[in-house]
Amino acid sequence: MGVETTTLFINGEKRTFSMGDHFGQVPYSETLLETLRDRLGLTAAKKSCDEGACGCCTVIKDGDAVPSCMLLTADCEGAHITTLEGLADPETGELNPVQQAFLDYNAFQCGFCTPGIIMSTQALLNKNPRPTQEEVRDALSGNYCRCISHYHVFEAIDSLAGRGVDLDEKWRDRR
Ligand code: FES
Ligand code: FES
């Protein structure tokens, strides 16, 4: 029997992992968050509660914002994953509109929760470029911020929604 593998597309890059308990393999019990952070060095998604309650580990999986601490890598075969690292233009480093708006509105304090909030925002705007305030609050209901940055977060998102931000193809494809 051949070695089992799991293939994911992470920030547009195909990554195939050998599954198992030997050195270098990905255990079947490993979460997507652990794979991203510990194996691939993609540390924007943060481990905080590690039980699906805070949203700090949010990434986009096949278009939806999901807590990566609650997913097993082994269960993500064929999935398209976008992390915060996948949002900026890979060639120029130019921030995408959501990242730029968060900077413009100082929509963070310590920043620990911010990658998760940005990914939830990105997932929302990919599907609904003109969300109402209620839809924004609903989309962010799983993201907690101990520093109470939400006021500025909502301002940043409202600025995008108010402009009917056009996350053009260039950005929209990156998910
Ligand atoms: S660390 Fe995943 S939801 Fe809190
Ligand atoms: S900015 Fe500190 S936890 Fe949100």
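Tabulated data for the structure shown
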| quantity | calculated |
| --- | --- |
| 2 or more residues open to solvent by 40 Å² or more (accessible area, probe 1.4 Å): qualifying strands (runs of 3 or more DSSP E) within segment 1-96 | 5-10, 13-18, 64-67 |
| Qualifying residue in segment 50-65 (condition: out of contact with any helix residue (DSSP H, G or I) (no Cβ under 9 Å at 6 or more places or on another chain) and away from ligand 2 (no atom under 16 Å from the Cβ)) | yes |
| Unique residue being farther than 24 Å from LEU40 by Cα, modelled with pLDDT of 95 or more and within 16 Å of the chain's Cα centre (by Cα) when the list is PHE112, PHE102 | PHE102 |
| In segment 92-143, the residues that are in contact (Cβ under 8 Å) with a residue 40 or more places away in the chain and of a type in the set (D, E, K, R) | ASP104, LYS127 |
| Residues of segment 98-125 that turn out to be out of contact with any helix residue (DSSP H, G or I) (no Cβ under 6 Å at 6 or more places or on another chain) and away from ligand 1 (no atom under 16 Å from the Cβ), as a count | 6 |
| Lone qualifier among PHE17, PHE23 - being away from ligand 1 (no atom under 16 Å from the Cβ), over 24 Å from ASN143 (Cβ atoms) and in contact (Cβ under 8 Å) with a residue 24 or more places away in the chain | PHE17 |
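The values are calculated or read from the model by the stated rules, or taken from the named source; none is laboratory data. Worth saying up front: this structure is predicted, and the values here are computed from it rather than measured. Positions of Cβ are generated from backbone atoms using ideal geometry, with glycine treated the same way; all protein chains shown enter the neighbour counts. Keep in mind that these areas ignore ligands, DNA and RNA; they rest on the heavy atoms of the full protein, side chains included. Shrake-Rupley method; radii C 1.70, N 1.55, O 1.52, S 1.80 Å.
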